[in-house]
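A.B. asks: Got a structure here, written out as structure tokens. Questions coming.
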Amino acid sequence: MHAKAPSPIARTEQPASHLFYGSRQRRPLVERAEGIYVWTQDGRRFIDGSSGPMVANIGHGNRNVIAAMQRQMEKATFAYRLHFENEPAEELARLLSQKMPGDLDRVFFVSGGSEAVESAIKLARQWAVATGQPKRWKVICRMPSYHGGTMGALAVTGDLALTETFAPQTLAMPAIPAPTAYRDRDNLSMEQRGIRYADMLEEKILAEGPESVAAFIMEPIGGAATAALVPPDSYFARIREICDQYGILLIHDEVMSGAARTGKYLGGDHWACRPDIITMSKGIGSGYAPLGAMIASRRVVEPVLDMGGFQHGYTYAGNPLACAAGLAVLDEMELLGCEENAAAMGDLLIAELQGLTERFPFIAGVRGKGLLIGADMVADPQDFTPLPKDKHANQRLLDLAYERGLIVYSRRIRGDGLGLDNFILAPPLIITKEQVGEMVGVLGDSLEALAKELD
Ligand code: PLP
């Protein structure tokens with residue numbers, strides 16, 4: 001018997017896969033994951049306080065999903081959509097469309113959030129061409145925002161730190177300010193502020209020329225760029241009204257806010273929103289398979305079909321294994337009561353975070369719905385003065401929490417005119433009351449350490 005040669009890839013100090021990511025520091029190797037916890041090979045345990053990047057909605061290691069995937073693997077792991085239909089994709093499309101508002105019942109599967117957003121941008125454009133409005137090509141977006149890393153999705157992403165380098169190719173789309181009404185210091189009510197932010201869309205449409213605008217894209221509840229930004233209630237109806245008035249499609253990017261994350265199946269469900277196109281990913285596959293979807297209204301899809309079909313598609317679109325995972329995730333979401341638990345645990349977590357603002361005055365603007373909850377880290381909580389950049393508060397919070405076994409999501413955003421550090425807590429939707437307490441305890445210790453560094 002001879003000894004097995006060590007793998008040259010996994011065991012080198014810097015594996016080849018590592019070279020493309022920002023940090024040069026090597027992360028520990030993951031061993032296994034279950035529920036809200038992840039264990040690494042060096043024997044450490046982490047609380048997944050952000051579900052990865054808000055992905056693991058039903059929690060890690062769900063046996064029913066794994067079994068459903070195994071059953072599908074025995075049948076077919078791949079079937080090309082131009083050659084065959086497949087049952088998991090058909091069934092998942094049927095169930096997803098039942099969860100959508102209005103007549104949004106045309107489902108186009110993809111493998112991730114960026115692909116879903118690319119698909120929405122292309123569908124909006126092809127709809128314009130198909131309906132005899134070829135001058136409409138612009139997609140107005142918000143600043144700051146995040147809609148994905150591919151070139152089209154980057155063009156509607158409002159975060160200069162991510163887009164600037166690629167600007168000539170991404171042909172930056174027009175942007176309006178995200179409705180950060182919670183920070184405004186004026187005499188207006190929240191409702192008036194909501195209308196004021198929405199009216200900025202009308203102003204932008206008029207400035208660009210209504211005949212050139214195909215769509216407006218927004219997250220109903222903000223994610224990566226705005227740390228769980230919740231607009232005032234009045235915002236949504238006014239946005240819809242403006243889109244209707246100028247014949248512009250409304251795209252809701254629910255990649256992060258969808259799939260029960262905010263305590264309802266869609267973020268927009270909190271306001272009975274009726275967008276024309278919805279993009280989803282993350283939670284619908286919950287980390288078990290790369291899965292995303294663009295769901296559009298018949299009104300948008302029919303003219304495109306009349307033109308000969310959507311001129312778009314991906315090799316892995318509607319993959320039977322990914323869709324079987326998606327079906328099982330959807331089942332588990334209902335079985336485990338994810339929407340209800342997200343709503344209840346979210347209320348508890350928001351109260352806990354409010355409590356932390358008293359202990360740590362550099363935390364301000366606690367916000368969110370369900371288990372998508374964020375806050376800013378500031379020098380002055382009254383006027384949201386940013387912390388000095390050289391304190392690297394976002395990176396320090398990430399590191400201090402990581403050292404203590406907690407994963408949080410934290411960024412410093414360029415593009416909102418301020419450059420605020422923020423963080424998000426978004427644990428799996430199956431978290432218990434005791435686990436919320438455990439997570440907040442570790443967060444408190446991490447903030448305590450950060451407070452010393454900020455002094
Ligand atoms: N849209 C939103 C709202 C997101 O939060 C993200 C990812 O964070 C994306 C799109 C891109 O998704 P992916 O990273 O799966 O391509």
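The values are calculated or read from the model by the stated rules, or taken from the named source; none is laboratory data. Here the structure is a predicted model, which means the values were calculated and not measured. All Cβ positions, even for glycine, are placed from backbone atoms using ideal geometry, and neighbour counts span all protein chains on display.
A.B. asks: Which of the residues that make up the range 371-392 are more than 30 Å from M345 (Cβ to Cβ) and either in contact with a Pro (Cβ under 7 Å, 6 or more places away or on another chain) or among the β-branched types (V, I, T) (or both)?
C.D. replies: Correct list: A379, T385.
A.B. asks: Would you pick out the residues in the range 166-188 that are at pLDDT 90 or above, of a type outside the set (A, V, I, L, M) and outside any loop (DSSP other than H, G, I, E, B)?
C.D. replies: F166, P177, Y182, R183
A.B. asks: May I ask you to list pairs of residues, at least six apart or on different chains, whose Cβ atoms are under 6 Å apart, with the first in the range 289-305 being more than 30 Å from V55 (Cα to Cα) and the second being more than 16 Å from the ligand (Cβ to nearest atom)?
C.D. replies: Pairs found: P303/A130; P303/T131; V304/Q126; V304/W127; V304/A130; V304/F310.
A.B. asks: Looking at the range 345-395, which of its residues are surrounded by fewer than 23 Cβ atoms within 10 Å (Cβ to Cβ) and either among the hydroxyl-bearing types (S, T, Y) or at positive phi (or both)?
C.D. replies: Scanning the range 345-395 gives T357, G365, F384, T385, H392.
A.B. asks: Mind checking whether some residue in the range 418-425 is surrounded by fewer than 21 Cβ atoms within 10 Å (Cβ to Cβ) and at pLDDT below 95? Step through it out loud before you land on a result.
C.D. replies: First, the residues of the range 418-425 that are surrounded by fewer than 21 Cβ atoms within 10 Å (Cβ to Cβ): 418-419.
Keeping just the survivors that are at pLDDT below 95 gives 418-419.
Checked the range 418-425: at least one residue is surrounded by fewer than 21 Cβ atoms within 10 Å (Cβ to Cβ) and at pLDDT below 95.
A.B. asks: Suppose we filter the range 111-147 for residues that are among the β-branched types (V, I, T) and assigned to a loop (DSSP other than H, G, I, E, B); how many remain?
C.D. replies: Number of matching residues: 1.
A.B. asks: In this structure, is A207 assigned to a helix (DSSP H, G or I) and touching a His at 6+ places or on another chain (Cβ under 9 Å)?
C.D. replies: Judged against the criteria, A207 is not a match.
A.B. asks: Just for the range 243-274: of the residues that are at positive phi and surrounded by 23 or more Cβ atoms within 10 Å (Cβ to Cβ), which one is farthest from the ligand (Cβ to nearest atom)? I'd like the intermediate steps shown before the answer.
C.D. replies: Let us first name the residues in the range 243-274 that are at positive phi, namely 247, 259-260, 263, 272.
If we keep only those that are surrounded by 23 or more Cβ atoms within 10 Å (Cβ to Cβ) too, we end up with 259-260, 263.
On the way: A259: 12, A260: 15, G263: 17 Å.
The extreme case among them is G263.
For every residue, the table says whether it meets (1) closer than 22 Å to G267 by Cβ; (2) outside the structural domain of K369 (by the TED database); (3) away from the ligand (no atom under 16 Å from the Cβ).
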site	(1), (2), (3)
M307	no, yes, yes
G313	no, yes, yes
N319	no, yes, no
G326	yes, yes, no
D331	yes, yes, yes
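A.B. asks: What are the pairs with Cβ atoms under 6 angstrom where one residue, in the range 215-227, is assigned by the TED database to the domain that holds Y197 and modelled with pLDDT of 95 or more and the other, located anywhere, is within 9 Å of the ligand (Cβ to nearest atom) and of a type in the set (F, W, Y)? Sequence gap at least six, or different chains.
C.D. replies: none
A.B. asks: Within the set of pairs 6+ apart or on separate chains, which have a first residue in the range 112-137 that is assigned by the TED database to the domain that holds G209, a second that is among the acidic types (D, E), and C-beta atoms under 6 Å apart?
C.D. replies: Here the result reads K135/E211, each pair linking the range 112-137 to a residue that is among the acidic types (D, E).
A.B. asks: For the range 372-425, what are the residues that are within 21 Å of T180 (Cβ to Cβ), in a helix (DSSP H, G or I) and polar (S, T, N, Q)?
C.D. replies: Selection gives N394 alone.
A.B. asks: A follow-up question, please. Starting from residues that are of a type in the set (V, I, T) and within 24 Å of G326 (Cβ to Cβ), keep the ones in the range 37-73 and report whichever is surrounded by the fewest Cβ atoms within 10 Å (Cβ to Cβ). Please lay out each step first, then the result.
C.D. replies: First pass over the range 37-73, keeping only residues of a type in the set (V, I, T): 38, 40, 47, 55, 58, 65-66.
Pick out the ones that are also within 24 Å of G326 (Cβ to Cβ) and you get 38, 55, 58, 65-66.
Numbers: V38: 22, V55: 23, I58: 27, V65: 25, I66: 13.
Ranking the qualifying residues of the range 37-73, first place goes to I66.
A.B. asks: Let me ask another. Which of the residues spanning the range 116-153 are within 10 Å of the ligand (Cβ to nearest atom) and either in contact with a Phe, Trp or Tyr (Cβ under 8 Å, 6 or more places away or on another chain) or of a type in the set (D, E) (or both)?
C.D. replies: Of everything in the range 116-153, just one residue is within 10 Å of the ligand (Cβ to nearest atom) and either in contact with a Phe, Trp or Tyr (Cβ under 8 Å, 6 or more places away or on another chain) or of a type in the set (D, E) (or both), namely E118.
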